[in-house]
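Engineer: Before we start, here is the structure in question, set down as structure tokens.
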Amino acid sequence: MKVIVADDHALFRRGLFMVLESETDIDVVAEANDGEEVVQLTESHIPDLVLMDVRMPGTTGIEATKAIKDKVPSTKILMLTISDEEEDLYDAIKAGASGYLLKEISIDEVADAIRSVHAGQSLISPSMASKLLNEFALMAKKDEQKQQMPAPRLTDREMEVLTLVAKGMNNRDIAKELFISENTVKNHVRNILEKLHLHSRMEAVVYAVREKLLEIK
């Protein structure tokens, strides 16, 4: 798979490059020092995945993520950052990121994380997942107080697909699990996102946790 690494710390970026280039199934096609550069490189190389820092000079990683998802929607974004701020996590998810990992993980674990996200899974560092759950608890209380209109109703099959998406399964595995075609799964996912006014599978995972379809541990 083709990968671009975006991080303004040259030494860390070089370390990632060396580790990832040793993997037979990963090809680092470019490196970027800031958000503007990574958007341009993504349009040129059309990579499978961008490994993105959040805080970079000029255009931030989150702004770059939104731009990339608008211009090259097929490219997946995996955030790798020192920022454990809830706001950065939420903004990254809204922008279209498929994962949010802290740099506290071993650099050797990054390759497996890239493979997981490329396969359709959604990854969140455990410490950040707990913050998500706390936020969902607050959101639930606010929803009760506001007595908002009920969420759009999903069909039983759509609920099954959403639950499997939230477990990190890709379309092919979901199709096998439910004994339906992969194209049918794609249609269900598209309908789910449209009904719930979501933009990505990652946001669908957030919705599933909030609605208690999935518990992040």
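The values are calculated or read from the model by the stated rules, or taken from the named source; none is laboratory data. Predicted model only: the values in this text are computed from it and were never measured. Here the Cβ positions follow ideal geometry from the backbone for every residue, glycine too, while neighbour counts run over all protein chains shown. Protein only, heavy atoms only, side chains kept; ligands, DNA and RNA dropped before computing areas. Shrake-Rupley method; radii C 1.70, N 1.55, O 1.52, S 1.80 Å.
Engineer: Just need a number here: residues in segment 115-125 that are buried (at least 21 other Cβ atoms within 10 Å of the Cβ), small (G, A, S) and either at pLDDT 90 or above or in a helix (DSSP H, G or I) (or both).
Structural biologist: Total meeting the criteria: 0.
Engineer: Provide a single number: the residues in segment 19-41 that are surrounded by 24 or more Cβ atoms within 10 Å (Cβ to Cβ) and among the β-branched types (V, I, T).
Structural biologist: 1
Engineer: How many of the residues in segment 64-102 are surrounded by 16 or more Cβ atoms within 10 Å (Cβ to Cβ) and in contact (Cβ under 8 Å) with a residue 40 or more places away in the chain?
Structural biologist: Residues that pass the stated criteria total 13.
Engineer: Going by the conditions given, is D112 among the acidic types (D, E), surrounded by fewer than 17 Cβ atoms within 10 Å (Cβ to Cβ), at pLDDT 90 or above and within 29 Å of E21 (Cβ to Cβ)?
Structural biologist: Yes, satisfied.
Engineer: Right, another one. If you scan segment 160-194, which residues turn out to be surrounded by fewer than 15 Cβ atoms within 10 Å (Cβ to Cβ) and not polar (S, T, N, Q)?
Structural biologist: Result: R172, K176, E177, F179, E182, K186, R190, E194.
Engineer: Continuing with the same structure: Suppose we keep only residues that are under 19 Å from the mean Cα position of the chain (by Cα) and over 11 Å from V72 (Cα atoms) within segment 31-49. Which one would you say is modelled with the highest pLDDT?
Structural biologist: For segment 31-49, the residue satisfying everything is V38.
Engineer: Working only within segment 42-63, note down all residues that are open to solvent by 10 Å² or more (accessible area, probe 1.4 Å), more than 17 Å from H199 (Cα to Cα), touching a residue at least 24 places away in the same chain (Cβ under 8 Å) and not in a loop (DSSP other than H, G, I, E, B).
Structural biologist: Once the filter is applied, which keeps residues that are open to solvent by 10 Å² or more (accessible area, probe 1.4 Å), more than 17 Å from H199 (Cα to Cα), touching a residue at least 24 places away in the same chain (Cβ under 8 Å) and not in a loop (DSSP other than H, G, I, E, B), segment 42-63 yields E43, H45.
Engineer: Criterion first (open to solvent by 40 Å² or more (accessible area, probe 1.4 Å), of a type outside the set (A, V, I, L, M), in contact with a helix residue (DSSP H, G or I) (Cβ under 8 Å, 6 or more places away or on another chain) and at pLDDT 80 or above) does R157 satisfy it?
Structural biologist: So R157 passes the test.
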